[in-house]
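Derivation of every value follows stated rules applied to the coordinates shown; laboratory data play no part. Keep in mind it's a predicted model, so treat the numbers as computed, not measured. In this analysis, Cβ positions are derived from the backbone assuming ideal geometry, glycine residues included, and neighbour counts consider all displayed protein chains.
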Ligand SMILES: Cc1cc2nc3c(=O)[nH]c(=O)nc-3n(C[C@H](O)[C@H](O)[C@H](O)COP(=O)(O)OP(=O)(O)OC[C@H]3O[C@@H](n4cnc5c(N)ncnc54)[C@H](O)[C@@H]3O)c2cc1C
């Protein structure tokens, strides 16, 4: 949902033309369609712009011919609408200096292939896959903002900022549920004639989980308030939020596994709820 509504329709609402907003964003925001936002490639992850190989070549009729391979794309397997970020094939300009442009694609376009979902270690409800583009013909109306300067590096960076803040909301959900399950188990699991929650070692783990939950809640509220005031978070603040949120979620879920002890019991309880 975050990628479809937040990133894909968010990018179109921020930088698309009125016609593009009408055609694509409404259906994404009302969940009639699923969106994907594709920048990562097999050899371009952290160095998303520098190592990017996917290209848009001008076709001489105002449109573009698209080629490339994207990977780790959330909703890639099922997306109806894809924001495809690539490099403009500009003869005479050094590859690393070429413009970044974005095009809005529809599933089923000739030459566009969407892989099945990968098997992942976690986040099972969010499908992740690959996109393969081979001479996909895209008319000028698909170019984001109908301009080669419509949604390039700065547009994509502002989407990174939204994505980073969204990680705090995901982490908050993980932490809340881990804490609920841990509290429930600590109250009911008896060892040495006492609920394990009566032991200080377990109490300290639960206290640290609550501190993480409160911090994450505050970060999420701060993000909501900032956006409600019509402002964007800075890249530094959104990045700090993602770093803290991801680490807090890892620490809390690891401690939850310790409290619930046998991993098999943990898995069984997680699925049964
Ligand atoms: C579940 C999931 C969903 C995703 N969804 C999307 C999506 O919807 N759309 C999309 O475009 N992408 C998506 N991605 C891709 C994600 O953006 C990339 O995984 C991310 O950019 C990192 O790239 P990489 O995995 O290739 O790691 P790499 O860039 O290869 O990094 C490997 C390691 O090297 C480290 N490293 C890299 N550069 C440096 C450096 N300069 N100094 C020190 N250390 C460095 C990294 O921190 C990391 O530890 C998704 C990934 C996952 C796991």
Rounded to 5, percent antiparallel among DSSP beta bridges of the range 11-128: 70 percent
Expected 222 nm ellipticity per residue - DSSP helices of 4 or more, -39500 (n - 2.57), all of the chain, to 500: -14000 deg cm²/dmol
Sorted by Cβ density within 10 Å, fewest first, the residues 64, 151, 199: 199, 64, 151
Where Rh is the Kirkwood radius over Cα pairs, Rg/Rh for the chain: 1.07
Listed peptides 201-212, 112-123 by packing density, highest first (mean Cβ within 10 Å): 201-212, 112-123
Contact order normalised by residue count of the range 156-272, Cα under 8 Å, 6+ apart, percent: 43 percent
Cα-based helix-to-principal-axis angle, 200-228 vs the chain, degrees rounded to 10: 30 degrees
Nearest 10 degrees, 0 to 90: helix 263-272 Cα axis against the chain principal axis: 70 degrees
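Find how much the distance from residue 107 to residue 49 grows on full extension, using 0.36 nm per residue of separation minus their present alpha carbon separation; answer in nm with one decimal.
In short, 18.5 nm is gained.
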Highest to lowest packing among 5-13, 170-178, scored as the average C-beta count within 10 Å: 5-13, 170-178
Förster-model FRET efficiency, 22 Å R0, residue 262 and residue 207, C-beta, rounded to 0.05: 0.40
Sites residue 31 and residue 117 - FRET efficiency at Förster radius 25 Å, r taken between beta-carbons, to 0.05: 0.85
Relative contact order for the chain, counting Cα pairs under 8 Å that sit 6 or more residues apart, in percent: 17 percent
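How high is the relative contact order of the range 11-86, given as a whole-number percent (alpha carbon pairs under 8 Å, six or more residues apart)?
Normalised by residue count, the contact order of the range 11-86 is 36 percent.
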Between helix 235-260 and the chain: long-axis angle, C-alpha atoms, 0 to 90°, nearest 10: 40 degrees
